[in-house]
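The values are calculated or read from the model by the stated rules, or taken from the named source; none is laboratory data. What you see is a predicted model, and the numbers here were worked out from it, not measured in a lab. Every residue, glycine as well, gets a Cβ built from its backbone with ideal geometry; the counts of neighbours run over all protein chains shown. Keep in mind that these areas ignore ligands, DNA and RNA; they rest on the heavy atoms of the full protein, side chains included. Shrake-Rupley method; radii C 1.70, N 1.55, O 1.52, S 1.80 Å.
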Amino acid sequence: PTCAPTRAALMTGAHEFHSGVTHTILGMEQMNEARTTVANVLSAAGYDTGMFGKWHLGDTGGHVPWRRGFDVGVIAKSDAAGAQRKAVDPVFRFNGEERQMSGIRDDLFAQEAMKFMAQERKKPFFCYFATYDPHAAFQAEDRFMEEARRQVEEAKKEGIPGVNEKRVNFFAEVLQTDWILGRLMDFLEEKGLAKNTL
(Lines give C-alpha, C1' and ligand atoms only; values in the text may rest on other atoms or scores of the structure.)
Protein backbone atom coordinates (compact mmCIF):
# COMPACT_ATOMS: atom_id res chain seq x y z
CA PRO A 1 0.00 0.00 0.00
CA THR A 2 1.00 3.59 -0.52
CA CYS A 3 0.37 6.92 1.16
CA ALA A 4 -3.23 7.13 2.47
CA PRO A 5 -3.80 3.36 2.88
CA THR A 6 -0.58 3.05 4.90
CA ARG A 7 -1.50 6.12 6.96
CA ALA A 8 -4.95 4.64 7.75
CA ALA A 9 -3.36 1.40 8.94
CA LEU A 10 -0.93 3.36 11.12
CA MET A 11 -3.71 5.47 12.64
CA THR A 12 -6.12 2.59 13.35
CA GLY A 13 -3.98 -0.53 13.69
CA ALA A 14 -6.28 -2.20 11.16
CA HIS A 15 -5.90 -3.22 7.53
CA GLU A 16 -6.64 -0.18 5.39
CA PHE A 17 -9.70 -1.79 3.78
CA HIS A 18 -11.29 -1.99 7.24
CA SER A 19 -10.92 1.79 7.45
CA GLY A 20 -12.40 2.42 4.01
CA VAL A 21 -9.14 3.77 2.60
CA THR A 22 -8.30 2.07 -0.68
CA HIS A 23 -6.51 4.80 -2.65
CA THR A 24 -5.27 8.38 -2.46
CA ILE A 25 -7.92 10.17 -4.59
CA LEU A 26 -11.64 10.59 -5.32
CA GLY A 27 -12.79 10.10 -1.73
CA MET A 28 -11.05 6.74 -1.44
CA GLU A 29 -8.63 8.34 1.05
CA GLN A 30 -11.33 9.30 3.56
CA MET A 31 -11.00 7.19 6.67
CA ASN A 32 -14.24 5.76 8.04
CA GLU A 33 -15.46 8.12 10.78
CA ALA A 34 -16.45 5.18 13.00
CA ARG A 35 -12.84 3.95 13.22
CA THR A 36 -10.95 4.57 16.47
CA THR A 37 -7.53 6.17 16.00
CA VAL A 38 -4.41 5.93 18.14
CA ALA A 39 -5.09 9.57 19.04
CA ASN A 40 -8.57 8.66 20.32
CA VAL A 41 -7.07 5.98 22.54
CA LEU A 42 -4.26 8.15 23.90
CA SER A 43 -6.53 11.15 24.41
CA ALA A 44 -8.90 8.96 26.46
CA ALA A 45 -5.88 7.82 28.49
CA GLY A 46 -5.06 11.43 29.44
CA TYR A 47 -2.55 12.45 26.75
CA ASP A 48 -2.36 15.79 24.98
CA THR A 49 -2.39 14.92 21.28
CA GLY A 50 -1.02 16.85 18.30
CA MET A 51 -0.77 16.08 14.60
CA PHE A 52 1.52 18.02 12.27
CA GLY A 53 2.06 17.39 8.57
CA LYS A 54 0.55 15.11 6.00
CA TRP A 55 -2.80 13.73 7.11
CA HIS A 56 -4.38 12.74 3.78
CA LEU A 57 -7.22 10.76 5.40
CA GLY A 58 -9.93 13.29 4.57
CA ASP A 59 -9.91 17.05 4.98
CA THR A 60 -13.61 17.81 5.39
CA GLY A 61 -16.35 17.13 7.94
CA GLY A 62 -15.56 14.51 10.56
CA HIS A 63 -12.49 13.25 8.72
CA VAL A 64 -10.08 15.99 9.86
CA PRO A 65 -7.51 15.21 12.58
CA TRP A 66 -9.00 17.61 15.15
CA ARG A 67 -12.16 15.48 14.98
CA ARG A 68 -10.24 12.18 15.13
CA GLY A 69 -8.73 12.43 18.61
CA PHE A 70 -6.12 15.13 18.08
CA ASP A 71 -6.36 18.23 20.30
CA VAL A 72 -4.23 20.10 17.79
CA GLY A 73 -4.20 19.38 14.07
CA VAL A 74 -2.01 21.31 11.62
CA ILE A 75 -2.37 20.18 8.02
CA ALA A 76 -1.94 21.76 4.60
CA LYS A 77 -5.00 23.26 2.92
CA SER A 78 -6.46 20.86 0.35
CA ASP A 79 -4.50 18.02 1.94
CA ALA A 80 -5.92 15.37 -0.37
CA ALA A 81 -6.18 17.50 -3.49
CA GLY A 82 -2.72 18.52 -4.55
CA ALA A 83 -1.11 19.99 -1.43
CA GLN A 84 1.97 17.89 -2.22
CA ARG A 85 2.59 20.27 -5.14
CA LYS A 86 2.91 23.31 -2.81
CA ALA A 87 6.12 22.67 -0.87
CA VAL A 88 6.99 26.37 -0.46
CA ASP A 89 4.83 29.06 1.22
CA PRO A 90 1.80 26.80 1.81
CA VAL A 91 -1.53 27.58 3.43
CA PHE A 92 -1.94 25.64 6.69
CA ARG A 93 -5.11 24.76 8.57
CA PHE A 94 -4.77 25.02 12.37
CA ASN A 95 -7.78 23.08 13.69
CA GLY A 96 -9.63 24.41 10.65
CA GLU A 97 -8.39 28.02 10.72
CA GLU A 98 -6.41 28.86 7.58
CA ARG A 99 -3.08 30.69 7.78
CA GLN A 100 -0.70 31.64 4.99
CA MET A 101 2.78 30.40 5.89
CA SER A 102 6.18 31.44 4.62
CA GLY A 103 8.94 28.89 4.15
CA ILE A 104 9.47 25.20 3.39
CA ARG A 105 6.33 23.20 4.24
CA ASP A 106 7.86 20.28 6.18
CA ASP A 107 10.18 22.60 8.10
CA LEU A 108 7.17 24.74 9.08
CA PHE A 109 5.33 21.60 10.26
CA ALA A 110 8.40 20.65 12.33
CA GLN A 111 8.45 24.10 13.93
CA GLU A 112 4.77 23.75 14.89
CA ALA A 113 5.43 20.26 16.30
CA MET A 114 8.31 21.62 18.40
CA LYS A 115 6.09 24.43 19.76
CA PHE A 116 3.54 21.79 20.77
CA MET A 117 6.15 19.58 22.45
CA ALA A 118 7.79 22.52 24.25
CA GLN A 119 4.60 23.51 26.08
CA GLU A 120 4.55 23.30 29.85
CA ARG A 121 2.15 20.49 30.72
CA LYS A 122 1.34 18.04 33.47
CA LYS A 123 0.07 15.34 31.12
CA PRO A 124 2.08 13.15 28.74
CA PHE A 125 1.79 13.98 25.06
CA PHE A 126 1.55 12.24 21.73
CA CYS A 127 3.00 14.13 18.78
CA TYR A 128 2.41 12.70 15.31
CA PHE A 129 4.69 14.31 12.72
CA ALA A 130 4.39 13.21 9.09
CA THR A 131 6.41 14.70 6.25
CA TYR A 132 5.13 15.22 2.72
CA ASP A 133 8.59 14.95 1.20
CA PRO A 134 10.26 13.43 -0.63
CA HIS A 135 7.40 13.78 -3.10
CA ALA A 136 6.67 15.49 -6.41
CA ALA A 137 7.04 18.44 -7.17
CA PHE A 138 10.51 17.98 -5.60
CA GLN A 139 11.27 21.46 -4.23
CA ALA A 140 14.04 22.10 -1.74
CA GLU A 141 16.05 25.00 -0.37
CA ASP A 142 18.98 26.15 -2.52
CA ARG A 143 21.57 24.78 -0.06
CA PHE A 144 20.14 21.28 -0.42
CA MET A 145 19.90 21.63 -4.21
CA GLU A 146 23.57 22.65 -4.36
CA GLU A 147 24.64 19.75 -2.14
CA ALA A 148 22.58 17.27 -4.16
CA ARG A 149 24.15 18.54 -7.42
CA ARG A 150 27.60 18.15 -5.89
CA GLN A 151 26.84 14.60 -4.77
CA VAL A 152 25.39 13.64 -8.17
CA GLU A 153 28.50 14.99 -9.92
CA GLU A 154 30.70 13.03 -7.50
CA ALA A 155 28.70 9.83 -8.10
CA LYS A 156 28.94 10.28 -11.87
CA LYS A 157 32.73 10.66 -11.62
CA GLU A 158 32.84 7.44 -9.62
CA GLY A 159 30.79 5.71 -12.32
CA ILE A 160 27.82 4.85 -10.11
CA PRO A 161 25.06 3.70 -12.51
CA GLY A 162 21.62 5.30 -12.67
CA VAL A 163 22.68 8.64 -11.19
CA ASN A 164 21.86 11.68 -13.30
CA GLU A 165 20.71 15.29 -13.12
CA LYS A 166 17.05 14.27 -13.30
CA ARG A 167 17.30 12.97 -9.76
CA VAL A 168 18.94 16.04 -8.23
CA ASN A 169 15.63 17.53 -7.00
CA PHE A 170 14.60 14.22 -5.42
CA PHE A 171 17.98 13.85 -3.69
CA ALA A 172 17.74 17.47 -2.51
CA GLU A 173 14.40 16.73 -0.85
CA VAL A 174 15.88 13.66 0.84
CA LEU A 175 18.73 15.81 2.22
CA GLN A 176 16.26 18.45 3.37
CA THR A 177 14.04 15.85 5.08
CA ASP A 178 17.08 14.38 6.86
CA TRP A 179 18.00 17.87 8.09
CA ILE A 180 14.45 18.55 9.37
CA LEU A 181 14.29 15.19 11.20
CA GLY A 182 17.77 15.90 12.64
CA ARG A 183 16.49 19.21 14.03
CA LEU A 184 13.58 17.39 15.66
CA MET A 185 15.89 14.79 17.21
CA ASP A 186 18.22 17.55 18.51
CA PHE A 187 15.20 19.34 19.95
CA LEU A 188 14.11 16.21 21.85
CA GLU A 189 17.62 15.86 23.29
CA GLU A 190 17.86 19.54 24.26
CA LYS A 191 14.48 19.48 26.02
CA GLY A 192 15.25 16.22 27.82
CA LEU A 193 12.40 14.44 26.07
CA ALA A 194 14.33 11.86 24.05
CA LYS A 195 14.38 9.19 26.77
CA ASN A 196 10.69 9.54 27.55
CA THR A 197 9.17 9.98 24.09
CA LEU A 198 7.65 7.57 21.59
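Take the Cα atoms of the chain, build their convex hull, and give its volume per residue in Å³. Walk me through the numbers on the way to the answer.
Working: hull volume 27.5 nm³, N = 198.
Normalising the Cα hull of the chain by residue number yields 139 Å³.
Charges were assigned to the Cβ only: +1 to each Lys and Arg, -1 to each Asp and Glu. The resulting dipole of the chain about its Cα centre is roughly 420 debye. Modelled spin labels at Ile25 and Lys166, positioned 7 Å past Cα toward Cβ, are 2.1 nm from each other.
Rolling a 1.4 Å probe over the protein heavy atoms of region 1-109, with every protein chain left in place, gives an accessible area that is 52 percent carbon and sulfur.
Given axes a ≥ b ≥ c from the Cα gyration tensor, I'd like to know whether region 1-91 is rounded (a/c under 1.5), prolate (a/b larger than b/c) or oblate.
Numbers: a/c = 2.00, a/b = 1.17, b/c = 1.71.
Oblate, because a/c is 1.5 or more while a/b does not exceed b/c.
Let me test this: with uniform point scatterers at the alpha carbons of region 83-198, what is the Debye-based log₁₀ I(q)/I(0) at q = 0.20, 0.21 1/Å? Evaluating at q = 0.20, 0.21 Å⁻¹ gives log10 I(q)/I(0) of -1.09, -1.14.
In what sequence, largest accessible area first, do Ser19, Ser78 appear using a 1.4 Å probe? Numbers along the way, then the final one.
Details: Ser19 0, Ser78 50 Å².
The ordering from most to least exposed comes out as Ser78, Ser19.
Taking Cα centre as origin and charging only the Cβ of basic (Lys, Arg, +1) and acidic (Asp, Glu, -1) residues, the dipole magnitude of region 86-198 rounds to 420 debye. If you count Lys pairs in the chain whose Cα atoms are under 15 Å apart, skipping same-chain pairs closer than 8 places in sequence, the total is 5.
Modelled spin-label separation between Lys123 and Phe17, with each label point placed 7 Å from Cα along the Cα-to-Cβ direction: 3.7 nm. Extending 7 Å from the Cα toward the beta-carbon at both Asn32 and Glu146 defines two label points whose distance is 5.2 nm.
Counting only complete DSSP H runs, which helices of the chain cover 15 Å or more along their long axis at the Cα atoms and score a mean Kyte-Doolittle of 0.0 or above? Numbers along the way, then the final one.
Numbers: long enough: 105-118 (20 Å, -0.27); 142-157 (23 Å, -1.86); 168-190 (33 Å, 0.40).
Helices passing the filter in the chain: 168-190.
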